[in-house]
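Notes to accompany the following structure.
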Amino acid sequence: MYGKATLSLVFALLIVLLLISYSILMGTVNFRSYFLPLLQSPATAHPLCATNPPLRVYMYDLPRRFNVGMLNLRNLEQTPVTDRNWPSWPKNSGLKRQHSAEYWMMGSLLYEGDGAEERDAVRVSDPEMADIFFVPFFSSLSFNTHGHVMTDPETEIDHQLQIDLVKFLLQSKYWQQSGGGDHVIPMTHPNAFRFLREQVNASIQIVVDFGRHPRTMSNISKDVVAPYVHIVDSFTDDDSTDPFESRTTLLFFRGRTSRKDEGIVRVKLAKILAAYDDVHYERSVATDENIKVEIRLHPVACLMPL
């Protein structure tokens, strides 16, 4: 069952990347225009899981304070979240956007428009019919919103959300039946769920790496690795009929070369790529100005400048 879950979750994460590629983070949300093109396939296309039935996902109905309520703290609306009132991702969210996989995964499950039945993962309203259970807690956004400084008094809000969620899950008979092994919780920020992570360690966690956690807590045998959501919109204004050939910069990187494990991988990359004229690889930090430089160069590809 976990193999099937992994395939379908990877599919959901691919939706995230495709959404970013089409620059849909701007403006109001239109579920039909965002999700329908991704759910429909040409008649000649072969689905990734054509021989398997869709993964049936039950999504817990959590209050807004656990998810979309953090997108706009001034909005005190308490009505249930649906595809009709789904809020857009904030335009000026900065680096928070790179951890927004949790937002797109929840949104894809809420979508009920044309083509939804053709997906590899579908939402079910009866938990007895579910293969896995999705926990729509925006743990990364909670850390970035309430506990980013880690010593700020607002950190207690993030802590309390984790306490309340763990209490909720432990009271769920479906969590009790599996010990949480068939529950999916997004935790893409390394400090997400940092207070009580051990208590939900049996779950399938959506992470970006395993660099800050012991192998007994987070590992490839049970968790899913998701790439950071790109924080720069795709450049679509190429004049040439062959945009790939018209771009003079093949690869762009302007960020830290020494991070985890003293940047072993990044230093090796720098040595390998330094000899190529069409590669811009520079030691720096992620700033708004550096992002603007990347946009001006509009390279064929770029690495996350963190």
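Below is a table of values for the structure above.
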quantity	calculated
Formal net charge of residues neighbouring residue 175 (Cβ-Cβ distance under 14 Å; K, R +1; D, E -1)	+1
Under Karplus coefficients 6.51, -1.76 and 1.60, residue-wise ³J(HN,Hα) of the range 70-81 in Hz, glycine/proline x	7, 6, 8, 5, 7, 8, 9, 4, 10, 5, x, 7
Separation in nanometres of the label points that stand 7 Å from Cα toward Cβ, at residue 150 and residue 217	1.2
Residues 206, 272, sorted so that the one with the fewest Cβ neighbours within 10 Å comes first	272, 206
GluC sites (Glu not before Pro) within the range 75-128: DSSP coil, no more than 14 neighbouring Cβ in 10 Å	77, 112
Cross-link table 96/173; 91/271; 96/167; 173/222; 91/268, entries beyond 30 Å C-alpha to C-alpha	96/173; 91/271; 91/268
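A short reminder: the numbers here are calculations on the coordinates, not readings from a lab. These figures come from a predicted structure and were not determined experimentally. Positions of Cβ are generated from backbone atoms using ideal geometry, with glycine treated the same way; all protein chains shown enter the neighbour counts.
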